[in-house]
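Bear in mind these aren't lab numbers, they're just calculated from the coordinates by the rules spelled out. Note that the coordinates shown come from a computational prediction; the quantities given were computed from them, not determined experimentally. Backbone-built Cβ (ideal geometry, glycine too); neighbour counts: all protein chains shown.
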Amino acid sequence: MASRSVNKVILIGHLGRDAEMAYTASQVAIVKFSVATSMRWKDKQTGDWKEETNWSNVVFWRGENVAPYLLKGTQVYVEGRLHTRSYDDKDGKKVWATDVVAEEVILLGGRGGGAPSGGGPDEYSQQEPMKSGPRSRAPQAPPSQPAPMSGGVDEDDVPF
């Protein structure tokens, strides 16, 4: 029997900052954002509630349709895979980083936790710019469009 493996990540959390959009030299859009996920539990010894927050860097290729909606505080569902890479920092030391390469992004709510203007969640995926179906709808009018990062970005420079 052949060896099998799975590389699947599902996150539901809030954006820590507005998404950044950049373009490769071949004009492919790359959207980068960070998602905070939290775990809460009651300490058995003290009875106090504890909370731990983890931050995940997310890269969404060809996500120009969703970028204007990915604002700090927005709740999102992200489905994708882990990608680990290394680079040399300014001191020449090798640094390892693990990012989530998103295959699907669904907007779950606005900054205040409510739904985006107009109703239910919006879905975006790598296969289609925007999925439509009973749980999604096309966005009405985006907030101000974020400006692309200056200069071209090479595929080797991505994800972060």
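Among residues other than G80 with Cβ under 12 Å from its Cβ, the summed charge is -2 (Lys and Arg +1, Asp and Glu -1). Amide hydrogen proximity for E103: with H placed 1.01 Å from N in the peptide plane, the residues at 5 or more positions away or on another chain lying under 5 Å are E79, G80, R81. Dipole orientation for the stretch 26-117: of the candidates N57, Y77, T46, T46 has the Cα lying most toward the positive pole (charges on Cβ; Lys, Arg +1; Asp, Glu -1). The slack between K93 and S5, meaning 0.36 nm per residue of separation minus the straight C-alpha distance, is 28.6 nm. The fewest-to-most ranking of K50, K72 by surrounding Cβ atoms within 10 Å reads K50, K72.
Between H83 and D43, the simple label model (points 7 Å from Cα in the Cβ direction) yields a spacing of 4.0 nm. Which net charge results for the neighbourhood of K50, defined as the other residues with beta-carbon distances under 15 angstrom from its beta-carbon, given Lys and Arg at +1 and Asp and Glu at -1? Every neighbour counted, the sum reads -1.
Remark: M39, M21 ranked as M39, M21, counting other beta-carbon atoms within 10 Å and listing the fewest first.
Along the stretch 88-97 the Karplus relation, 6.51 cos²θ - 1.76 cosθ + 1.60 evaluated at θ = phi - 60°, assigns HN-Hα couplings of 9, 6, 5, 8, x, 7, 6, 10, 9, 9 Hz to successive residues, with x for each Gly and Pro.
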